[in-house]
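Participant: Let me give you the structure first, and then I'll get to my questions.
The values are calculated or read from the model by the stated rules, or taken from the named source; none is laboratory data. What you see is a predicted model, and the numbers here were worked out from it, not measured in a lab. As a convention, Cβ positions derive from the backbone with ideal geometry for all residues, glycine included, and neighbour counts pool all protein chains shown.
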Amino acid sequence: MKKLVIAILLLSLVTSVFVFAGGQQAEKDDGKYVVGISWDEKSIPLIQAWEDYLIAEAELIGPKNGLDYEFIINVADLDPTRQAANIEDLIQQDVDIILARAKDGAAIGSSIRAAHDAGIPFVVFDRKSLTEEQGDAYIGGDSYLQGRSTAEALAKLLQEKGIKGKVIEVMGDLKDNNAVLRSQALNEVAAERGAFEILTKVPTEWDPQKFLSGITNALQAYPEADSIFLASDFAWSAVQAALETHGRYKKIGEEGHIIMATCDLFPDALIAMENGYIDISTTWDAYLHAKALADVLTKIGTGSDLGFGEEGLLVPGRLVYPETLAGMVNVWSRDYADWTAQ
């Protein structure tokens, strides 16, 4: 009798296992292509724009490729340890693919390895893995072409005015490859075109206070400066304050106006361009990044060739002038001007 009871219990256990496994398989066979997204943070509108543009684009192109997208999204709140736990949670949920913007490029490698061990493709976005463990694809902005686009537009504008420009270069954090590449592009254009000379370089480490003090000091030392190249315009309020200190916060066409050539077109800078204070910018283009990302996710999901190698896919921004800004669509800094973190 005891053996019979044990046998029945074992049979019940085995049956339960198969029912559970069958339930999981039913979830995987429901036609959904599940994308797990691990954001490092979500306190800035740029990340929300990436997410919204991505989902909209994926829902547009997915059905055309036989994919019914579903997204599971978590946020690490700038904590690398939490991000690792979040990605492990996505692995346990058996998503079809993982997308991550790494808080720590040196730490993301272990998460990539864990995903690969589970047979899950891993896409790295905006910030590269700094380890030997690389994702199946990397998608980011092309900072070099962004800087070159702005620099060449600046050279053209100065040549049209018939003047040899005198430029203050406001640099980013030189530990950030984005800043290095933008500076490289500016200096190459200066050498190639001969349209301007760089009077001085202002290091900022992406610190708004250093934007303020550095530009203030540079204008004091070089009052003849007629142009400023900003590696990023995210700290526009600090730039404005420095210009106001020297009476140089003037609109395009007004006497004393300094030609402003920027990268990124963050929300405050977009307003400044609309109001006539910024001459040229090249966008850090959330929409184009997301469009490329949706295409890559779809290609991985359908087993198609990505069309690029280990170097990844670098997406250039769009060159913007005050007269072209109003006609542009999907400009994240305008679309999310009133966004607040939830």
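Participant: Out of A190, A151, which single residue is of a type in the set (A, V, I, L, M, F, W, C), assigned to a helix (DSSP H, G or I), modelled with pLDDT of 95 or more and surrounded by fewer than 22 Cβ atoms within 10 Å (Cβ to Cβ)? Steps first, please.
Facilitator: Details: A151 fails: surrounded by fewer than 22 Cβ atoms within 10 Å (Cβ to Cβ).
Answer to the selection: A190.
Participant: Among the candidates I112, I91, which residue alone is in contact with a helix residue (DSSP H, G or I) (Cβ under 8 Å, 6 or more places away or on another chain) and of a type outside the set (S, T, Y)?
Facilitator: Numbers: I112 fails: in contact with a helix residue (DSSP H, G or I) (Cβ under 8 Å, 6 or more places away or on another chain).
Testing whether each residue is in contact with a helix residue (DSSP H, G or I) (Cβ under 8 Å, 6 or more places away or on another chain) and of a type outside the set (S, T, Y) leaves just I91.
Residues checked against (1) closer than 26 Å to K175 by Cα; (2) in contact with a strand residue (DSSP E or B) (Cβ under 8 Å, 6 or more places away or on another chain):
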| site | (1), (2) |
| --- | --- |
| Q209 | yes, no |
| L219 | yes, yes |
| I259 | no, yes |
| A269 | yes, yes |
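Participant: What is the one condition in (1) without any contact (Cβ under 8 Å) to a residue 60 or more places away in the chain; (2) touching a helix residue (DSSP H, G or I) at 6+ places or on another chain (Cβ under 7 Å); (3) assigned to a helix (DSSP H, G or I) that K156 does not satisfy?
Facilitator: With respect to (1) without any contact (Cβ under 8 Å) to a residue 60 or more places away in the chain; (2) touching a helix residue (DSSP H, G or I) at 6+ places or on another chain (Cβ under 7 Å); (3) assigned to a helix (DSSP H, G or I), K156 is out only on (2).
Participant: I would also like to ask the following. Quick one: in the stretch 28-64, which of the residues that are outside any helix (DSSP H, G or I) and hydrophobic (A, V, I, L, M, F, W, C) is surrounded by the fewest Cβ atoms within 10 Å (Cβ to Cβ)? Don't jump to the end; show me each part of the working.
Facilitator: Residues of the stretch 28-64 outside any helix (DSSP H, G or I): 29-44, 62.
Within this subset, residues satisfying the condition of being hydrophobic (A, V, I, L, M, F, W, C) are 34-35, 37, 39, 44.
Details: V34: 19, V35: 26, I37: 23, W39: 22, I44: 14.
Here the answer is I44.
Participant: Given the conditions (1) aromatic (F, W, Y); (2) within 20 Å of S43 (Cβ to Cβ); (3) assigned to a helix (DSSP H, G or I), which single one is not true for F71?
Facilitator: It fails just one condition, (3).
Participant: Report the residue count in the stretch 91-128 for those that are assigned to a helix (DSSP H, G or I) and more than 20 Å from I139 (Cα to Cα).
Facilitator: Residues of the stretch 91-128 that are assigned to a helix (DSSP H, G or I), as a first pass: 91-92, 108-117.
With more than 20 Å from I139 (Cα to Cα) added as a condition, the list becomes 91-92, 114, 117.
So the answer is 4.
Participant: Among the residues of the stretch 177-185, is any farther than 18 Å from L319 by Cα, touching a Leu at 6+ places or on another chain (Cβ under 7 Å) and modelled with pLDDT under 95?
Facilitator: Within the stretch 177-185 (the criterion being farther than 18 Å from L319 by Cα, touching a Leu at 6+ places or on another chain (Cβ under 7 Å) and modelled with pLDDT under 95), the answer is yes, since at least one residue qualifies.
Participant: Answer yes if at least one residue in the stretch 276-291 is assigned to a helix (DSSP H, G or I) and more than 30 Å from G135 (Cα to Cα), and no otherwise.
Facilitator: Quick first cut of the stretch 276-291, residues assigned to a helix (DSSP H, G or I) only: 286-291.
Those still in the list that are more than 30 Å from G135 (Cα to Cα) too: none.
No: the stretch 276-291 contains no residue that is assigned to a helix (DSSP H, G or I) and more than 30 Å from G135 (Cα to Cα).
Participant: Oh, and also: Which residue is farthest from L99 (Cα to Cα), if the candidates are limited to the stretch 294-311 and must be touching a helix residue (DSSP H, G or I) at 6+ places or on another chain (Cβ under 7 Å) and β-branched (V, I, T)?
Facilitator: Taking the candidates together, the pick is T302.
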